[in-house]
Amino acid sequence: MLDKNGIAKRIAKEVKDGYYVNLGIGIPTLVANFVRDDIEVEFQSENGVLGMGPFPFEGEEDADVINAGKQTITTLPGASFFDSATSFAMIRGKHVHLTILGAMEVAQNGDIANWKIPGKMVKGMGGAMDLVASADNIIVAMMHTNKKGESKLLKECSLPLTGVGCVTKIVTNLAVLEIKDNAFHLIERAPGVTVEEIKNATEGELIVNGDIPEMIL
Amino acid sequence: MLDKNGIAKRIAKEVKDGYYVNLGIGIPTLVANFVRDDIEVEFQSENGVLGMGPFPFEGEEDADVINAGKQTITTLPGASFFDSATSFAMIRGKHVHLTILGAMEVAQNGDIANWKIPGKMVKGMGGAMDLVASADNIIVAMMHTNKKGESKLLKECSLPLTGVGCVTKIVTNLAVLEIKDNAFHLIERAPGVTVEEIKNATEGELIVNGDIPEMIL
Amino acid sequence: MINKKVNNVTEALKGVKSNMTFMLGGFGLSGIPENAIAELVKLNVRNVTCISNNAGVDDFGLGLLLQNKQIKKMISSYVGENDEFERQMLSGELEVELTPQGTLAEKCRAAQAGFPAFYTPAGFGTEVAEGKETREFDGKMYVLEPAFKADFAFVKAWKGDEAGNLIFKGTARNFNANMCGAAKITVAEVEELVPAGELDPNQIHIPGIFIQRIFQGNNYEKRIEQRTVRQRN
Amino acid sequence: MINKKVNNVTEALKGVKSNMTFMLGGFGLSGIPENAIAELVKLNVRNVTCISNNAGVDDFGLGLLLQNKQIKKMISSYVGENDEFERQMLSGELEVELTPQGTLAEKCRAAQAGFPAFYTPAGFGTEVAEGKETREFDGKMYVLEPAFKADFAFVKAWKGDEAGNLIFKGTARNFNANMCGAAKITVAEVEELVPAGELDPNQIHIPGIFIQRIFQGNNYEKRIEQRTVRQRN
């Protein structure tokens, strides 16, 4: 079973040379720490920066240079700043190659819910709806089950949707799965996790074809 | 009767303090020479400059600083350069207060034709269609009749339209006219021109209400 | 040069009234029009609708107007980090229209550029699209979203000149740039106001034509919401 | 940093073929991608569609491709100052789609920003709107115009860096900025190519994400179409 850093580490292997990547808040943010340093990647933050670097050294924080999580950041050589409309032109226009974001629920048809729990939590969708509606390549990073132990990989989402039929890949603490033909297809198991355990934790239709390899991190 | 400079001089009186103005090619370009210098005005050119100044001194021309007529220009303090989409955001978004352009024909309902003579002259509409469709305040600068002596103020345009029902004011070598209620309303006569002469040169419905003053230049 | 300079925030906000719709730039607390917000609190205009990506925090930014119960409706994409906001919303005191962030930005840009509405894929199939026209182009579904209509836009820039030209700094540009010219009157406050001619015409982010009033702001707090640093080794 | 630098115009135009659709920046002869145009002549690709505000003059700019009869169709707003153009058009050799200038710019921007189409008032009631969908918003009529689809965009900037970031100069910005990212592959040629990190991130006109290939151009003629001057007194 993976912890959050493990999930991030596995997802980092999906980041290819030449990719512009948008990282959501939470586990996705950690992905940046594990991307191979022999490939060229740039991180976009939808509040208006391309070419994000690490956090600033103490005392060098700039209130005018933050990421979408409102954290102080730095920029790398080749970076650029731009307005919000231009930022979403990058996203909607499919210039960003990979979007990694968290989710509360994912359905076997690719629907995703991650912005609202009616009557309980209403923080807003931020840029998530634009991201999932526009990107061709979306990876969801999340725990396989919620705090009550209930599966987050469902036949149908129960929460208000963020986007329809848009998720193609999921990396959880238990497995890597692809979504196609209205089902979750098991691709890899997390170290030490059995197919049976993954089956038990997946409410939606799970397809297990042949031997499922353990993931290499 | 006015010459081209006279028409430009009369139109310059319509330019008010605080106006952003787009000047078309031909007579409209001359208007800039006659605007009072005690008011604040900025000229926009749709190829991407606001705050145009006079032509450059010989030897100071810059191929990268031109107006929509492809003439070398200079800029004044407070000027800015921008891309074509932003330029038409200014025009379509009604941030430009006054558009002055030439015409081949104007109809009594405000239609204008100035971009094409089928089978003969097809240079294209440039920015004219955007300008006339967007601006609330359009002044047409033109000769009252064409080279054959035929009226250019018509019941209906015979040439392909540039815009429909958009012209509100016309300044010609003979008169100042307003368009409303599907008619040309005579407002002022050019120096030495009689109402009769204007009537004879106007094919469209012409309303003459009371005494028509001679224009003051 | 058309001079847009006014002497202070009071002059800049002349004509601001209760029941109006305001646009306010900023992302989180970054790039918010601090001076205009303080003046709105002082003017105590009521029942206003605010278009702003976020709603500030409890004691800063638009949170100040919320504390004062001046806001009737918020149009935002993300409103976390604000307890008073959540309380007012859940109690029904505050109307909230959550809008995808890219849609929010483009509704500003459409207003600025004279587009009545636009088609975006964001929100299709979700409750955001309920009651809205949808349409297919090339096999993909889109939602028709109208341009915003607002009385005042309050934006904050880094540098500006008397002609109203603006230059923003870093990610403080965000919605500020897109809101310029998107309301009937756009008021810009700047950290440094210079005479016309001092800014390079080639490096203007927003030309002065989109701005009606500009003033030299003061006492910027520029609060950081999430101070994150790494250690020097 | 994702490096977009290629060594020369030959590498930059790899994949260019006959029957493709190209976007070319520039207004008149100002800001045209001179190096790319020369290479297109050399490659002798045929039956191409060119989206460009103008068509050059007889012996420069796109006029060179016209002389060589490489262009099947032009999509432009203004095509005066070009006798060969007029001859080909009137004889029916050349297809021409005249498009209002603001519509042309926005059809580029829509392609860049992922909008399938947009409503504009330009051309309503004229032959430009024939066969197109029209619609009323707030009592005003609009025409629905689709985004462009193109294989290559060729743009010319003043300065650029290896990350593909671009800075334009003066009115040479024009359509160049809006065409970046509006085609499958955008090729930028620049007067000065610098290493990443040399350009101020705050002053980039077009971020490198919109550019696939960038190269150091050379031998810019930068011809002036209408040299107008005033006398020193």
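Mind telling me which of the residues B:Lys147, B:Lys180, B:Lys152 ends up being among the charged types (D, E, K, R) and surrounded by 20 or more Cβ atoms within 10 Å (Cβ to Cβ)?
Exactly one residue qualifies, and that residue is B:Lys152.
Provide a single number: the residues in the stretch A:46-81 that are touching a residue at least 40 places away in the same chain (Cβ under 8 Å) and under 22 Å from D:Asn3 (Cα atoms).
Number of matching residues: 2.
Name the residue that is nearest to A:Arg10 (Cα to Cα), counting only residues in the stretch A:96-108 that are out of contact with any Pro (no Cβ under 9 Å at 6 or more places or on another chain) and in contact (Cβ under 8 Å) with a residue 60 or more places away in the chain.
Looking at the filtered set, the residue picked out is A:Leu98.
Please enumerate the residues belonging to the stretch B:26-52 that are facing chain D (nearest Cβ under 10 Å) and either in contact with a helix residue (DSSP H, G or I) (Cβ under 7 Å, 6 or more places away or on another chain) or part of a loop (DSSP other than H, G, I, E, B) (or both).
Within the stretch B:26-52, B:Glu46, B:Asn47, B:Gly48, B:Val49 qualify.
Return a yes/no flag: does the stretch C:68-89 have any residue that is aliphatic (A, V, I, L, M) and more than 17 Å from the chain's Cα centre (by Cα).
yes
Do the conditions hold for B:Ile138, that is, is it touching a Cys at 6+ places or on another chain (Cβ under 8 Å), crowded, with 18+ Cβ neighbours inside 10 Å and at pLDDT 95 or above?
So B:Ile138 fits the description; yes.
Residue-by-condition table, conditions (1) crowded, with 16+ Cβ neighbours inside 10 Å; (2) of a type in the set (Val, Ile, Thr); (3) over 26 Å from B:Phe88 (Cβ atoms); (4) at pLDDT 95 or above:
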{"residue": "B:Arg10", "(1), (2), (3), (4)": "yes, no, yes, yes"}
{"residue": "B:Tyr20", "(1), (2), (3), (4)": "yes, no, no, yes"}
{"residue": "B:Thr29", "(1), (2), (3), (4)": "yes, yes, no, no"}
{"residue": "B:Asp37", "(1), (2), (3), (4)": "no, no, yes, no"}
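If C:Ala153 passes every condition in (1) touching a helix residue (DSSP H, G or I) at 6+ places or on another chain (Cβ under 8 Å); (2) without any contact (Cβ under 8 Å) to a residue 40 or more places away in the chain but one, which one does it miss?
(2)
Six or more apart or on different chains, Cβ under 8 Å: which pairs go from a residue in the stretch A:123-149 that's within 14 Å of A:Thr202 (Cβ to Cβ) and small (Gly, Ala, Ser) to one that's in a helix (DSSP H, G or I) and at pLDDT 95 or above? Could you list them?
none
Is it the case that some residue within the stretch D:82-90 is surrounded by fewer than 16 Cβ atoms within 10 Å (Cβ to Cβ) and touching a residue at least 24 places away in the same chain (Cβ under 8 Å)?
yes
Whether any residue in the stretch C:92-108 is more than 10 Å from chain A (Cβ to nearest Cβ), under 15 Å from A:Lys123 (Cβ atoms), assigned to a loop (DSSP other than H, G, I, E, B) and of a type outside the set (Phe, Trp, Tyr) is what I want to check.
yes
Name the single residue, out of those in the stretch B:76-112 being assigned to a loop (DSSP other than H, G, I, E, B) and on the phi > 0 side of the Ramachandran plot, that is farthest from the other protein chains (Cβ to nearest Cβ).
That would be B:Gly110.
State which residue is farthest from the other protein chains (Cβ to nearest Cβ) when the search covers only the stretch C:61-79 and only residues that are of a type outside the set (S, T, N, Q) and surrounded by fewer than 16 Cβ atoms within 10 Å (Cβ to Cβ).
C:Lys69
Any residue in the stretch A:196-217 that is surrounded by fewer than 18 Cβ atoms within 10 Å (Cβ to Cβ), of a type outside the set (Asp, Glu), modelled with pLDDT of 95 or more and in a helix (DSSP H, G or I)?
Yes, the stretch A:196-217 has at least one match.
Restricting to the stretch D:109-127, what's the tally of residues that are assigned to a loop (DSSP other than H, G, I, E, B), under 21 Å from the mean Cα position of the chain (by Cα) and in contact (Cβ under 8 Å) with a residue 12 or more places away in the chain?
The qualifying residues number 3.
Given the condition surrounded by 15 or more Cβ atoms within 10 Å (Cβ to Cβ), farther than 17 Å from C:Ile37 by Cβ, out of contact with any Gly (no Cβ under 6 Å at 6 or more places or on another chain) and hydrophobic (A, V, I, L, M, F, W, C), answer yes or no: does some residue in the stretch C:211-220 qualify?
no
Could you please find all residues in the stretch C:5-62 being under 19 Å from A:Gly48 (Cβ atoms) and among the hydroxyl-bearing types (Ser, Thr, Tyr)?
C:Ser30, C:Ser52
Out of C:Ala177, C:Ala182, I need the residue that is within 13 Å of chain B (Cβ to nearest Cβ), crowded, with 24+ Cβ neighbours inside 10 Å and not in a helix (DSSP H, G or I). Which one?
C:Ala182
I'm trying to understand the selection: among the residues of the stretch C:151-174, which are part of a loop (DSSP other than H, G, I, E, B), within 14 Å of chain B (Cβ to nearest Cβ) and surrounded by fewer than 24 Cβ atoms within 10 Å (Cβ to Cβ)?
If the condition is that a residue be part of a loop (DSSP other than H, G, I, E, B), within 14 Å of chain B (Cβ to nearest Cβ) and surrounded by fewer than 24 Cβ atoms within 10 Å (Cβ to Cβ), then C:Glu162 is the only one that fits.
The values are calculated or read from the model by the stated rules, or taken from the named source; none is laboratory data. Computed from a predicted structure; not experimentally measured. Cβ coordinates were reconstructed from backbone atoms using ideal geometry, including for glycine residues, and neighbour counts include every protein chain displayed.
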